[in-house]
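First up is the structure itself, then whatever we jot down about it.
Read-outs: derived from the displayed coordinates by stated rules, not from any lab. Treat the numbers as computed from the prediction; the structure is a model and nothing was measured. In this analysis, Cβ positions are derived from the backbone assuming ideal geometry, glycine residues included, and neighbour counts consider all displayed protein chains.
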Amino acid sequence: MSTSISWAEVEVGTELPSLSVPVQRATLVRYAGASGDFNPIHWNQDFALEVGLPDVIAHGMFTMASAERLVTNWVGDPGAVVDCGVRFTRPVVVPNDGVGALIEITGIVGAKLDDGTVRVDITAKCEGVTVLARATAVVRLT
Amino acid sequence: MAINLELVGKSYPPAPAYEVGREKIREFATAIGDDNPAFHDVSAAQALGHRDIIAPPTFAIIVSFLAASAVVNDPDLGLDYSRVVHGEQRFTYSRPITAGDQLVATATIENLRIAAGNDMVTTRTDIVTTDGAHVVTATAVIVSRAAGADV
């Protein structure tokens, strides 16, 4: 493993380069196929409305994958991620209007841990609303 | 419909071994919009010290989803899958998933509770190689929303 950031250099409070992730219906269909999660709430508007959702919503795992991408972009070697977790607090609603939704991901180094790892605290927002809580990734730096 | 809270601790037979293919990793990485060379280019991954291309951290959901479907589809549990949303997810890695891995996933019900009419199921899926070496543990909370509840 060889990360592009060293543990010795990194400082708590460092902001990671942010990420803007556009999501359209086609993005969700592609993600459904790649992940095997074909829950119709992610592609069938009638079904989503029937079960009480405002519209088709993005896979929570797509949002989480985007959050981890922020971290793996920063660290260089994605194999450095030893732990990652999120709570899905609000759905990312994806209207069929040709525009879709935009997920804004930011992150900050929250802690340097004694075992050569650092914890990144991640924020994911859609239309200004936080969609993930307690989103963290622990990465082992060289 | 309420879930059967007595099933805490129940483990399910492991899903058949999942063979991690290079093209599946590339397809998944493309679907999440990630062009990191470690997910696509064998020589780039090897330059980082990996045996082959590695998978994005959340790729483990594919393997754990297959195993955890035994839980959500367990008739004894009584979960209404049509009202299920994902509550929480965590992955704890011993090493990255790598193309060529043969992975065996075993799901266990870690916790069950009912909060404000929502059924909440915590599953733990231990993912190991066919040789028994730990690769990643996936912990998920799935929520079956009470009828009439907003998200």
Karplus 3J(HN,Hα) series, Hz, for the range B:32-47 with 6.51 cos²θ - 1.76 cosθ + 1.60 (x for Gly, Pro): 9, x, 10, 9, 3, x, 4, 8, 10, 10, 4, 5, 5, 5, 5, 5
For the range B:77-151: relative contact order, % (alpha-carbon pairs under 8 angstrom, 6 or more apart): 40 percent
Given charges at Cβ of Lys, Arg, Asp, Glu: the protein assembly as shown dipole, positive-most of A:T14, B:F39, A:L70: A:T14
Rounded to whole Hz, the Karplus (6.51, -1.76, 1.60) HN-Hα couplings of the range A:121-136, x for glycine and proline: 9, 10, 10, 10, 10, 9, 6, x, 9, 5, 10, 10, 10, 6, 8, 9
Isotropic mean projected area of the C-alpha convex hull, chain B (nm²): 9.5 nm²
Neighbour-limited loop hits for GluC sites (Glu not before Pro), the range A:9-113 (at most 15 other Cβ within 10 Å; DSSP other than H, G, I, E, B): A:E9, A:E11
Principal-axis tilt of helix B:60-72 within chain B, Cα atoms, nearest 10 degrees: 20 degrees
Most mobile of A:A58, A:A34, A:A80 in a GNM of chain A (Cα contacts under 10 Å): A:A34
Relative contact order [Cα under 8 Å, 6+ residues apart], chain A, whole percent: 33 percent
Equivalent ellipsoid semi-axes, the protein assembly as shown, via Cα gyration tensor eigenvalues times 5, rooted, Å: 29, 23, 18
0 to 90° range, to nearest 10: angle between helix A:25-35 axis and chain A longest Cα axis: 60 degrees
